[in-house]
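Inspection log for the structure reproduced underneath, given as structure tokens.
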Amino acid sequence: MSLIDFINRNFIEGIVNDTSYNHFDMITYVIILFAGVLAITKLLNKLRIKVDEEFVIATIPFIFMGSVYRVIEDADILKPPVKYFFITPLIFFVIFAICFGTLLVARYLEKRKKIKNYIHTYAITGLILSLAGVVILIFNTSSTWNPGILVYALVPAIALTEIVKKISPVIGMTYLRSRMYSFAIFSFLLDSFTTYIGVDLLGYTNKHPFSSFLTSIVGTGAVLIPLSLVLVMLIILMLEKDSTREKNTDEKYMLTLTLIVLGFSMGARNLLAMVFGV
């Protein structure tokens, strides 16, 4: 097999046909993601844009926007070649361009004293773009909606997140009560709950090879719920330990944002797809 055939089979065909991920493209995308995070962190430092919890929370609407427009593509509202830009991994570059461009414009407007707080404008813009996408789904999907999924997925994910926050002092992890870490935990739980509901109860297909492998062994997607909770808590624990040894905590915030991207983008996409019957 030539290099071109290998790339076509493991990368290009997956984008064009929107098929399940394989081990090659998954590993490649993860490497690109973390390399990008490090590069973006250095760029934000050079631009003197503060990377903190407020920045992480303000970026969440753009993550949701990515999920909304991914579902718009799933619903076949977009046509080739435009639709290819809203399939992983290209959609990450599209959303990043919109997100980063908005951030730079908001920062410029604040410096020119056109707005009072660039981070608020940044967050509101992401929210408006997300709501615009939801409106597109409302008017372009069938009437076979299932709003009950909102209750079945959101309520247990929120409840379990609150339980973790309550017991966090007991396990010596009081920092889990922060908005940033709480949302990271919620994001992973939302992803696992929606995966369980979609695959086990509604007949959806899991496109991620690792979680599909675990589900096939145990026989139910419910196994992902405790595993995802343990995984995200262990990662947060490592982030906190590293940040206490380093004076620069930008990496902690950016890596936490990456966690939220990984969990919330998939969880929100699953949720919206099931709600709108896509």
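Within segment 95-140, work out how many residues are within 20 Å of SER265 (Cβ to Cβ) and of a type outside the set (A, V, I, L, M). Adding up the residues that qualify gives 10. Just one residue in the set THR88, THR59, THR121, THR125 is within 30 Å of LEU176 (Cβ to Cβ) and not in a helix (DSSP H, G or I); that residue is THR88.
Taking helices (runs of 4 or more DSSP H) as the structural unit, those lying wholly within segment 158-267 and holding at least 1 residues that are closer than 26 Å to ALA39 by Cα correspond to 179-196, 224-245. When each of ASN140, ASN206, ASN146 is tested for being among the polar types (S, T, N, Q), within 28 Å of GLY101 (Cβ to Cβ) and either surrounded by 12 or more Cβ atoms within 10 Å (Cβ to Cβ) or modelled with pLDDT of 95 or more (or both), the lone residue that passes is ASN140.
Yes/no matrix, rows are residues, columns are (1) farther than 26 Å from ALA97 by Cα; (2) of a type in the set (Ser, Thr, Tyr); (3) more than 19 Å from the chain's Cα centre (by Cα); (4) surrounded by 21 or more Cβ atoms within 10 Å (Cβ to Cβ):
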| residue | (1), (2), (3), (4) |
| --- | --- |
| TYR118 | no, yes, yes, yes |
| ILE128 | no, no, no, no |
| LEU131 | no, no, no, no |
| GLU162 | yes, no, yes, no |
| LYS165 | yes, no, yes, no |
| GLY172 | yes, no, yes, no |
| ALA184 | no, no, no, yes |
| LEU201 | yes, no, yes, no |
| ILE217 | yes, no, yes, no |
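Residue by residue, here is whether (1) at pLDDT below 90; (2) under 22 Å from SER142 (Cβ atoms); (3) of a type in the set (Gly, Ala, Ser); (4) in contact with a Ser or Thr (Cβ under 9 Å, 6 or more places away or on another chain) holds:
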residue	(1), (2), (3), (4)
ARG48	yes, no, no, no
ALA58	no, no, yes, no
MET65	no, no, no, yes
VAL68	no, yes, no, yes
ASP74	yes, yes, no, no
PRO81	yes, no, no, no
PHE85	yes, no, no, no
PRO89	yes, no, no, yes
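Within segment 219-278, the residues that satisfy the criterion of being among the β-branched types (Val, Ile, Thr), under 30 Å from GLY148 (Cα atoms) and over 14 Å from the mean Cα position of the chain (by Cα) are THR220, VAL223, ILE225, VAL230, VAL275, VAL278. Using the structure shown, decide if THR19 is at pLDDT below 85 and outside any helix (DSSP H, G or I). Criteria met by THR19.
The values are calculated or read from the model by the stated rules, or taken from the named source; none is laboratory data. Please read these numbers as outputs of a predicted model, since none were measured by experiment. Methodologically, a virtual Cβ is constructed for each residue, glycine included, from the backbone with ideal geometry; neighbour enumeration extends over all protein chains shown.
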